[in-house]
Amino acid sequence: MSLLDEIEAAIPGLRRYAHALMRDRDAAEDLVQDCLERALARRHHWRGDGPVRAWMFRILLNLHRDGVRRSQGRHLVAVESLPAEPSGPARQEAHMDLREVQAAIARLPADQRRALLLVALEGMSLAEAAGILDIPEGTLVSRLGRARATLREMTGRAGPRPAKKEGTT
């Protein structure tokens, strides 16, 4: 498969990840477009020493981080259009659960959200996600654990905490 074919194959995943990061469809599409433009303009820099998909995600993530840094003083709230409410009660409950989880993910610290989305949404291995985020695998595992625990607490799905043994602090 050629480099251009691999870039094209990465686009759906890039869109999912960008949308989850940005929570704004138009901004996410702009981010993916910028990522594709940068990758194509700099394809001669591709060393071929890893998956093209990981290279593309790293470009996208770096562009996202640059955008966050540029907007540090500005306080923008992303508003996305919501689909019409489902008609059936069972579907409404599932829809509300999904929205609750999406809102909780949006409230995670950025480093935890980025890690969780790469592994949970994109199905990347720990090694691949750690490479994209440029962190050790142990740090990634720690971020994932904290993100999952925080999500359980925010969504009310945290089970009872184990009782402390006497004599421990």
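For the reader, a short list of remarks on this structure follows.
- Carbon/sulfur fraction of accessible area - the stretch 1-73, other protein chains in place, 1.4 Å, %: 46 percent
- Taking all protein chains as shown and a probe of 1.4 angstrom, D111 keeps an accessible surface of around 50 Å².
- The heavy atoms of I11 offer some 30 square angstrom of accessible surface to a 1.4 angstrom probe.
The values are calculated or read from the model by the stated rules, or taken from the named source; none is laboratory data. Predicted model, so just to flag it, every value in this text is computed and none were measured. The area values use the complete protein model at the heavy-atom level, side chains included, leaving out ligands, DNA and RNA. Shrake-Rupley method; radii C 1.70, N 1.55, O 1.52, S 1.80 Å.
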